[in-house]
1. Any chance you could run the full-extension gain for Y217 through E233? It's 0.36 nm times the residue separation minus the Cα-Cα distance, nm to one decimal.
2. Of all DSSP beta bridges in region 155-278, what percent run antiparallel (nearest 5)?
3. Take the Cα atoms of region 45-139, find their three principal axes, and give me the spread along each one in whole Å, biggest first.
4. Lysine pairs in region 1-145 with alpha-carbon atoms under 21 Å apart, 8 or more places apart or on different chains: how many are there?
5. Principal axes first, then extents: for the Cα atoms of the chain, list largest minus smallest coordinate on each axis, whole Å, largest first.
6. So which residue, out of D243, D224, D277, gets the largest mean-square fluctuation from a GNM of the chain using Cα contacts under 10 Å as springs?
7. What does the charge count near A29 come to, summing +1 for each Lys or Arg and -1 for each Asp or Glu among other residues with Cβ under 10 Å from its Cβ?
8. Among DSSP bridges having both ends in the chain, what percentage is antiparallel? Round to the nearest 5.
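Only the coordinates and a few stated rules stand behind these numbers; no lab work does. Here the structure is a predicted model, which means the values were calculated and not measured. Virtual Cβ from ideal backbone geometry, glycine too; neighbours counted across all protein chains shown.
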Amino acid sequence: MMRTLLLELSESKRMARWVTSNGMSRRMARRFVAGEELDDAVAAARACNQAGMKVSLDHLGENVASEADARRACHAYLGVFDRIAQEKLDANVSLKLTQLGLELSTDLYGELLDSIVAHAAGFGNFVRVDMEGSSYTKRTVDLVKRVRGKSPAMGTVIQAYLYRSEQDIRDLLAIGCRIRLCKGAYKEPPEIAFPRKADVDANYVKLMKLLLPSGVYHGIATHDPQIIAATIEFARQQGIGKDQFEFQMLYGIRTDLQQKLVGDGYRMRIYIPYGRDWFPYFMRRLAERPANLAFFLRNLFRS
Ligand SMILES: Cc1cc2nc3c(=O)[nH]c(=O)nc-3n(C[C@H](O)[C@H](O)[C@H](O)COP(=O)(O)OP(=O)(O)OC[C@H]3O[C@@H](n4cnc5c(N)ncnc54)[C@H](O)[C@@H]3O)c2cc1C
């Protein structure tokens, strides 16, 4: 119930204004968000690279209200690729289609994604389209198929909690699309998503076993030690090398496990979000773990 409430609150503009203007919550958000400026993200990325980890930069923002906002987000992403190249970072980019205007009644988001993928390809770099709530899944998968048909410089994300994901993976593998597999962070009804965590976890392992032997380079995005162990064991049994896939984790979560896997010779990519629009992302991180919420509330009301 608490998870549902937090995910509903994550969409409240009024709550966003209140939380983002509070000094204590801004400080707490820094556990999960590198900072509000690209410079903050670059510093975090450099530290990750020095620790032997790759990075994916996410300029936070979603559900933009106007074409001008969507174009601004696109412009920011073009600048992120320039900066990655200047700084010689081992980093790519993750973005959300609602940040490029998926909700607006135009085809603008397709045009903007084309331009970002072309810019990434010019640097030999890569864009990953994050997966958002299920009302966007079909449009996201359809656009990814179109753009991936033209350029290998893009991939996407599949959520293990959705029943449709196995078919999406089969369709995307048929065009060689790189996939990040995650459990899924949004509130979804039982008609379309596994309601029980145990079933999500079992489906995750099943989908991981489809991805790894495919010959395409995929990302196994989870902090779940059991799923990580299952992945390592499956790769070992199948003779899949440590350089043929990567683990991915979120900035600020299970840094001990991140370092351990790097020490064991596995590839690790850290998803580093930054920007002023951090509220929905922060709320999803609170929703994932009740202990985070209790800590946040104790400090918020003390401040
Ligand atoms: C690189 C990356 C990219 C992602 N991209 C997307 C995306 O595009 N779309 C999408 O829907 N979801 C995305 N997610 C989020 C994902 O769907 C899950 O909500 C999130 O990763 C938590 O699931 P888990 O696999 O870690 O397993 P869980 O079973 O939720 O957690 C396993 C363990 O990880 C630790 N942990 C997990 N979350 C937290 C937290 N918030 N705070 C502290 N500890 C925590 C705890 O120790 C927990 O016991 C992404 C996740 C990662 C790692």
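1. 4.0 nm
2. Here the share of antiparallel DSSP bridges comes out near 5 percent.
3. Reported extents, whole Å, longest axis first: 43, 25, 19.
4. Count of close lysine pairs: 5.
5. 53, 44, 39
6. Largest GNM mean-square fluctuation: D243.
7. My count for the surroundings of A29 gives +4.
8. Antiparallel bridges make up about 5 percent of those DSSP assigns within the chain.
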